[in-house]
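One structure is given below, encoded as structure tokens.
The values are calculated or read from the model by the stated rules, or taken from the named source; none is laboratory data. Everything quoted here is computed from the prediction, not taken from an experiment. As a convention, Cβ positions derive from the backbone with ideal geometry for all residues, glycine included, and neighbour counts pool all protein chains shown. With ligands, DNA and RNA removed, areas are computed over all heavy atoms of the protein, side chains included. Shrake-Rupley method; radii C 1.70, N 1.55, O 1.52, S 1.80 Å.
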Amino acid sequence: MNSTLVIETANEILKQTYGANATIQELLPLATRSPLSSNNTDLVCFTSINTVQQCAIVKKIDICVILHQFNQKNSITHSCDRNETTGSPVVTIYHSDTYSSFKLDCHQPFHNGDLTFAPIKDIVYKYNVTKTRHGRLVNHSSTFVISIA
């Protein structure tokens, strides 16, 4: 790769700033909830066939997931991930020449639906993380991961 191109690309990335703290503060109420306890055991998620699924039990970290895959598939899937090892809700955006995706892992009941996903996409767009409201990253061949905790 040409060193001039690398320098120009790095400078372009540095020019594009986003308010990390403000972004997280706006995302928090959309993706987090109080920890599961004996009095708070319900984590229900949407599935891709518009049904509801129990996704958590006490002392087991499970998450609701919504994944928007762009390019050839351009599909949105809703699921419960019972193998998740992280305790924090996460927004992950990936973009390359061949595949792009926008994913939310969350702990709020019913928050892996379109009514949550659209505002999250709007927030990251508002803070210049994405170049479109649909969720495409500003920079090609990049990944953006933000843990909301």
Checklist entry - What percent do you get for the relative contact order of the stretch 86-149 when only Cα pairs under 8 Å and 6+ apart count? => result 45
Checklist entry - Of the chymotrypsin sites (Phe, Trp or Tyr not before Pro) in the stretch 92-149, which ones lie in a loop per DSSP and count no more than 13 other C-beta atoms within 10 Å? => result 99
Checklist outcome for this item: Measure of exposure for residue 131: accessible area at 1.4 Å probe, Å² rounded to 10, is 100
Item to check | Distant-in-sequence amide H partners of residue 148 (H built 1.01 Å from N, under 5 Å) | outcome: 90, 91
